[in-house]
Amino acid sequence: MNVTQKLSIVGISLGLLSMGYSFYNQKRIEKTLIDKISNGITLDISDAIVNEAVNVVVEREATKAVKDISMEISLNTRMDIRNAIKSEVDSARSKITSSVSDEIATQAANIDMRKLKEEVKDKAKGIIIEKFDDNLDSLLADFNDKLSNVSKIYSSIADSMTRKKESETILRIGI
């Protein structure tokens with residue numbers, strides 16, 4: 001970097017610093033003038049405007065407060081109702097459980113064992129007969145197939161014997 005470039009940078013820096021200072025100084029002077037002028041001015045605002053502004057603010061804050069309170073009350077009420085329902089359901093469940101178990105025990109004690117044995121025997125008989133019928137059907141089908149095979153064998157033997165007799169008869173006759 002040569003001397004000219006260095007001097008240019010220094011000159012630009014000094015220019016920027018002086019502009020910043022003058023801007024700052026101008027703002028400070030303006031603020032001082034504004035403060036001096038405003039100290040001498042009295043501002044008279046009518047009571048009606050102040051009251052109206054106060055009423056608007058009070059109404060807005062009151063509405064917000066009412067909304068907040070109603071939301072909180074609503075939430076608390078829902079939680080109270082939910083807790084009351086849960087408590088009642090838990091209470092009713094224990095009462096119902098107790099009465100149901102008592103009723104089941106009573107009904108179980110009143111079961112007629114002789115009648116129950118008869119019902120079990122009848123159901124078992126029905127199941128056994130059904131299975132036996134299924135087995136008999138398959139045995140009958142097997143038997144009929146074997147009988148048909150035996151019939152074919154006997155028929156074949158009979159045919160064979162008939163042909164043999166015919167051929168012996170033909171030989172005897174001398175044909």
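A few comments on the model shown:
- Within region 114-139, the set of residues being of a type in the set (Asp, Glu) and at pLDDT below 80 comprises Asp133, Asp134, Asp137.
- Some residue of region 93-113 being more than 45 Å from the chain's Cα centre (by Cα) and at pLDDT 80 or above: yes
- Only listed residue being assigned to a helix (DSSP H, G or I) and loosely packed, with under 10 Cβ neighbours inside 10 Å, chosen from Ile41, Ile45, Ile37: Ile37
The values are calculated or read from the model by the stated rules, or taken from the named source; none is laboratory data. If you're wondering where the values come from, they're calculated on a predicted model, not measured in any experiment. Cβ coordinates were reconstructed from backbone atoms using ideal geometry, including for glycine residues, and neighbour counts include every protein chain displayed.
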